[in-house]
Amino acid sequence: PRYRPDWDSLDARPLPAWFDQAKVGVFVHWGVFSVPAWGSEWFWWHWQGEHRPDYQRFVQRRYPPATTYADFASRFTALDFQPRQWAQLFQRAGARYVVLTTKHHEGFTNWGSPVSWNWNSLDTGPHRDLVGELGEALRERNIRYGLYHSLLEWFNPLYLADKESGFKTQNFVVKKTMPELYDLVLKYKPDLIWSDGDWEAPESYWNSTSFLAWLYNDSPVKDAVVVNDRWCNNCSCRHGGYYNCADKYKPGTLPTHKWEMCSSIDKLSWGYRSNMNISELMDEASIIEELVQTVSFGGNYLLNVGPTKEGVIVPIFQERLLALGRWLDTNGEAIYESKPWRVQMENSTDTVWYTSKGPVVYAIFLIWPQDSVLELSSPTPSPATQVTMLGFAGTLKWQESPGKGLLITLPYMLPSPLPPQSGWTVRLEGVK
């Protein structure tokens, strides 16, 4: 069918199956904001949009007088950027897709955008096509490639003039935003477009529906491409492909629409901060807990890292990603291609979460029970019930629970001074 440029038609498009099956992605926030590497990726806005004193002091102390944000671009070198190493790391992290910022709200493009003269990674800074290089490296490993793109640019004169007109004029959209979106699709054939920067203006300004109709009908990626919901100031959680709703969105119940939770290892920023502290980072247990809750509720989990201006993913981020990958090596069967079960969590506790695949039910428990007996009241056992544990050979003994459900005797764990890893999975066959 041909899709019309209106939400009724666009929202009726079935979501390509790969996205729901993928479950795990890595988000990468990288740009000129990686140069000051302080506060967050909103550095320019806090400094020159809001004139925050802490940002003004930071620039005065560290840079020559009269420094402008544009001066940072030449220091965005990407000298240590090794796209193949990134791709290998993301694969080892268990990511089935990766989303890179092609352009954040600062307007600097990580490819040679023909409508971003001298404010792009080919003309200045790295003098490299960062979007293209990472895409090639990911495709070699069959990892899906998503492109983050901000519709708005804080300080673009065309955008500011349109804003001044109450968004009655569309010079910025016609000359900047839309040409870049078409260019990204035609040049890099992304599997996913992660739109952002939508919140100031209505759909009538952005022309989002016309772009999406072209994307779904005539673009080179029309059958496989997936988009999110940030296409206009009242689109979030209502229109688009899958829903993000809000950063770090956590529903309390099973949503009826496919969704994605984006989270960041650095709890205070999406871009790299040189002054981050270990207490401000997510640990392995909280990453796994977020992943498990998200997938139980039918969502995808997109975990963010911010590389340095040289293109290094710092070791602490690598360590967190590799820990996630090791956990998925053992427990991925309960995550990838899974579906929500009829119950998402055990008795409203936050410690046991369910997923399913056909007749098989997976119970993922985040805390090892004290007496090594796991009590599950939601599944109904039968004489044919078999219980195994992912990463552990052989079957587990179980008995019917006096109330309802079953009691599972877990394998003996050697006493250890260290708290055990987070999250184990029992596989239940023959339960209802």
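So which residues in region 9-33 are without any contact (Cβ under 8 Å) to a residue 40 or more places away in the chain and outside any helix (DSSP H, G or I), if there are any at all?
Just the residues of region 9-33 that are without any contact (Cβ under 8 Å) to a residue 40 or more places away in the chain, to begin with: 12, 14, 17.
Of everything in region 9-33, those that are without any contact (Cβ under 8 Å) to a residue 40 or more places away in the chain and outside any helix (DSSP H, G or I) turn out to be A12, P14.
Considering only residues that are open to solvent by less than 50 Å² (accessible area, probe 1.4 Å), out of contact with any Asp or Glu (no Cβ under 6 Å at 6 or more places or on another chain) and not in a strand (DSSP E or B), look in region 345-377 and name the one that is nearest to K404 (Cα to Cα).
S377
Can you pull out the residues in region 7-30 that are among the aliphatic types (A, V, I, L, M), within 18 Å of the chain's Cα centre (by Cα) and open to solvent by less than 10 Å² (accessible area, probe 1.4 Å)? Before you say what the answer is, go through the steps one by one.
Looking only at region 7-30, we keep the residues that are among the aliphatic types (A, V, I, L, M), and these are 10, 12, 15, 17, 22, 24, 26, 28.
Then drop every residue that is not within 18 Å of the chain's Cα centre (by Cα), which leaves 15, 17, 22, 24, 26, 28.
Once the filter is applied, which keeps residues that are among the aliphatic types (A, V, I, L, M), within 18 Å of the chain's Cα centre (by Cα) and open to solvent by less than 10 Å² (accessible area, probe 1.4 Å), region 7-30 yields A22, V24, V26, V28.
Hey, can you tell me all the residues within region 378-401 that are touching a Lys or Arg at 6+ places or on another chain (Cβ under 9 Å), of a type in the set (V, I, T) and part of a strand (DSSP E or B)? Don't jump to the end; show me each part of the working.
Step one: of region 378-401, the residues touching a Lys or Arg at 6+ places or on another chain (Cβ under 9 Å) are 378-382, 386-390.
Applying the additional criterion that residues be of a type in the set (V, I, T) yields 380, 387-388.
Scanning region 378-401 gives V387, T388.
For region 1-52, what are the residues that are in contact with a strand residue (DSSP E or B) (Cβ under 7 Å, 6 or more places away or on another chain) and over 24 Å from W270 (Cα atoms)?
So the first thing to find is which residues in region 1-52 are in contact with a strand residue (DSSP E or B) (Cβ under 7 Å, 6 or more places away or on another chain), and the list is 15-16, 18-19, 22-31.
L15, P16, W18, listed by residue number.
If a residue has to be open to solvent by 40 Å² or more (accessible area, probe 1.4 Å) and either touching a residue at least 60 places away in the same chain (Cβ under 8 Å) or in a helix (DSSP H, G or I) (or both) to count, how many in region 136-160 make the cut?
If we filter region 136-160 for residues that are open to solvent by 40 Å² or more (accessible area, probe 1.4 Å), which is where we start, we get 136, 139-142, 144, 155, 157-158, 160.
Okay, now just the ones that are also either touching a residue at least 60 places away in the same chain (Cβ under 8 Å) or in a helix (DSSP H, G or I) (or both), so 136, 139-140, 144, 155, 157-158, 160.
Summing the residues that are open to solvent by 40 Å² or more (accessible area, probe 1.4 Å) and either touching a residue at least 60 places away in the same chain (Cβ under 8 Å) or in a helix (DSSP H, G or I) (or both) in region 136-160 gives 8.
Assess whether G107 counts as being among the small types (G, A, S), modelled with pLDDT of 95 or more, touching a helix residue (DSSP H, G or I) at 6+ places or on another chain (Cβ under 6 Å) and surrounded by 22 or more Cβ atoms within 10 Å (Cβ to Cβ). Steps first, answer last, please.
On the way: among the small types (G, A, S): yes; modelled with pLDDT of 95 or more: yes; touching a helix residue (DSSP H, G or I) at 6+ places or on another chain (Cβ under 6 Å): no; surrounded by 22 or more Cβ atoms within 10 Å (Cβ to Cβ): yes.
No: the conditions fail for G107.
Being farther than 21 Å from V115 by Cβ and open to solvent by 20 Å² or more (accessible area, probe 1.4 Å) narrows it down to one residue among C237, C232, C262; which is it?
Working: C232 fails: open to solvent by 20 Å² or more (accessible area, probe 1.4 Å); C262 fails: open to solvent by 20 Å² or more (accessible area, probe 1.4 Å).
Only one candidate passes the filter, namely C237.
Would you confirm, using the coordinates I've provided, whether F33 is in the same structural domain as N234 (by the TED database), modelled with pLDDT of 95 or more, closer than 24 Å to L324 by Cβ and open to solvent by less than 10 Å² (accessible area, probe 1.4 Å)?
On the way: in the same structural domain as N234 (by the TED database): yes; modelled with pLDDT of 95 or more: yes; closer than 24 Å to L324 by Cβ: no; open to solvent by less than 10 Å² (accessible area, probe 1.4 Å): yes.
It is false that F33 is in the same structural domain as N234 (by the TED database), modelled with pLDDT of 95 or more, closer than 24 Å to L324 by Cβ and open to solvent by less than 10 Å² (accessible area, probe 1.4 Å).
Hey, among R4, R52, which residue is open to solvent by 10 Å² or more (accessible area, probe 1.4 Å), of a type in the set (K, R) and over 24 Å from M276 (Cβ atoms)? Before the answer, list the steps.
Numbers: R52 fails: over 24 Å from M276 (Cβ atoms).
Among R4, R52, only R4 is open to solvent by 10 Å² or more (accessible area, probe 1.4 Å), of a type in the set (K, R) and over 24 Å from M276 (Cβ atoms).
Would you mind stating whether L428 is free of Cβ contacts under 8 Å to residues at least 40 places away in the same chain and either crowded, with 19+ Cβ neighbours inside 10 Å or in the same structural domain as A17 (by the TED database) (or both)?
On the way: free of Cβ contacts under 8 Å to residues at least 40 places away in the same chain: no; either crowded, with 19+ Cβ neighbours inside 10 Å or in the same structural domain as A17 (by the TED database) (or both): yes.
Against the criterion (free of Cβ contacts under 8 Å to residues at least 40 places away in the same chain and either crowded, with 19+ Cβ neighbours inside 10 Å or in the same structural domain as A17 (by the TED database) (or both)), L428 does not qualify.
Name the residues in region 43-84 that are within 27 Å of the chain's Cα centre (by Cα), aliphatic (A, V, I, L, M) and in a helix (DSSP H, G or I), would you?
Within region 43-84, A73 is the sole residue that qualifies.
Quick check: is even one residue across region 333-344 open to solvent by less than 70 Å² (accessible area, probe 1.4 Å) and in a strand (DSSP E or B)?
No, the conditions are met nowhere in region 333-344.
Among the numbered conditions (1) more than 19 Å from G306 (Cβ to Cβ); (2) open to solvent by 50 Å² or more (accessible area, probe 1.4 Å), tell me where E133 comes up short.
Just one mismatch for E133, condition (1).
If you go through region 198-229 one residue at a time, how many are under 16 Å from G146 (Cβ atoms), open to solvent by less than 20 Å² (accessible area, probe 1.4 Å) and in contact (Cβ under 8 Å) with a residue 40 or more places away in the chain?
The number of residues fulfilling the criteria is 3.
P1 passes all but one of (1) touching a residue at least 40 places away in the same chain (Cβ under 8 Å); (2) not assigned by the TED database to the domain that holds V226; which number fails?
Condition not satisfied by P1: (1).
Run down T308, T330, T253 and say which single residue is of a type in the set (V, I, T), open to solvent by 10 Å² or more (accessible area, probe 1.4 Å), outside the structural domain of K404 (by the TED database) and in contact with a Gly (Cβ under 6 Å, 6 or more places away or on another chain). Give the derivation first.
On the way: T308 fails: in contact with a Gly (Cβ under 6 Å, 6 or more places away or on another chain); T253 fails: in contact with a Gly (Cβ under 6 Å, 6 or more places away or on another chain).
Selected residue: T330, the only one of T308, T330, T253 that is of a type in the set (V, I, T), open to solvent by 10 Å² or more (accessible area, probe 1.4 Å), outside the structural domain of K404 (by the TED database) and in contact with a Gly (Cβ under 6 Å, 6 or more places away or on another chain).
For region 161-197, enumerate the residues that are part of a helix (DSSP H, G or I), touching a Leu at 6+ places or on another chain (Cβ under 9 Å), open to solvent by 10 Å² or more (accessible area, probe 1.4 Å) and closer than 16 Å to L100 by Cβ.
Hit for region 161-197 is Y188, nothing else.
The values are calculated or read from the model by the stated rules, or taken from the named source; none is laboratory data. Owing to the predicted nature of the structure, the values given are computational and were not obtained by experimental measurement. With ideal geometry, Cβ positions are generated from the backbone for all residues, glycine too; neighbour counts draw on all protein chains shown. Heads up: the accessible areas ignore ligands, DNA and RNA and are worked out on the full protein's heavy atoms, side chains in. Shrake-Rupley method; radii C 1.70, N 1.55, O 1.52, S 1.80 Å.
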